[in-house]
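Readers should treat all values here as calculations from the given coordinates under stated rules, not as data from a laboratory. Remember, predicted model here, so these are calculated numbers, not experimental data. Methodologically, a virtual Cβ is constructed for each residue, glycine included, from the backbone with ideal geometry; neighbour enumeration extends over all protein chains shown.
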Amino acid sequence: MGVSGSGKSTVARLLAGALGVDFAEGDDFHSAANVAKMRSGTPLSDADRQTWLEILARRMGEARRRGAGLVLSCSALKRSYRDLLRAAVPDMQLVHLRGDFETVQSRLAARTAHYMPSSLLQSQFADLEVPGHDEGVHEFTILQSPRQIAEAFCNQLAATT
C-alpha cells in the first residue's frame, strides 16, 4: 500500500514471486469511469472507490477460501479502505511503502505508461492515513530498492511464523 508512484506494483510482484503466490494489480480492477476520472486529473471520492474496494476484497476472500496466498497492490490510503479489505482477510499483512512528496513526484514525472497523472499526487498524500500498529503493517522507505523491501518483508514474515 501507498501513494501512486511509491513502487507498490514492483514490490508486490517481487513478493508474489518470492512467496510463490498469485499477484493482483489493484489498478486493473478500477471501472472505466474511475480510470477516466483519474486520467482527467480528478481525484476519486470514497464513493468512487467503494465498488473497487469491494471487488478487491472479494478477490482476496476467494483466494483465502481456496487456501491460496495473494499479494495485492492497492493504494489503501485510508483506514476505512483497509478495514473493508481486512473484513475479507482478517490477518491481512500490509506493506506500507513510505516516501516523501518530492521523491514520489519525481518518480511519477518519469513514468509514461500509467493513467494516473502526477497532478493527483497531492490529493493522495492528503488522503493518506498512515496505518496504525494494530493493522499488521510492515513499513518500508521507498529509498530502499524494491528487492531490498521484498527481502526484508519476507524475513519479517519468516520471523513471525
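Would you calculate, for the chain, the mean residue ellipticity at 222 nm contributed by helices, counting each DSSP H stretch of 4 or more residues as -39,500 (n - 2.57) and dividing by all residues, to the nearest 500?
That calculation yields -16000 deg cm²/dmol at 222 nm.
Would you mind checking which residues have amide H under 5 Å from VAL71's amide H? H placed 1.01 Å from N; only 5 or more apart, or other chain.
ASP22, PHE23, ALA24
First select every other residue whose beta carbon is under 12 angstrom from the beta carbon of GLY17; then total the charges, Lys and Arg +1, Asp and Glu -1.
Net of charged neighbours comes to 0.
Around ARG49, with a cut-off of 14 angstrom between Cβ atoms, what is the net charge of the other residues, counting Lys and Arg +1 and Asp and Glu -1?
-3
Taking N as the number of residues in region 8-160, what value does Rg over Cα atoms divided by 2.2 N^0.38 Å take?
In units of the globular-protein estimate, region 8-160 measures up at 1.02.
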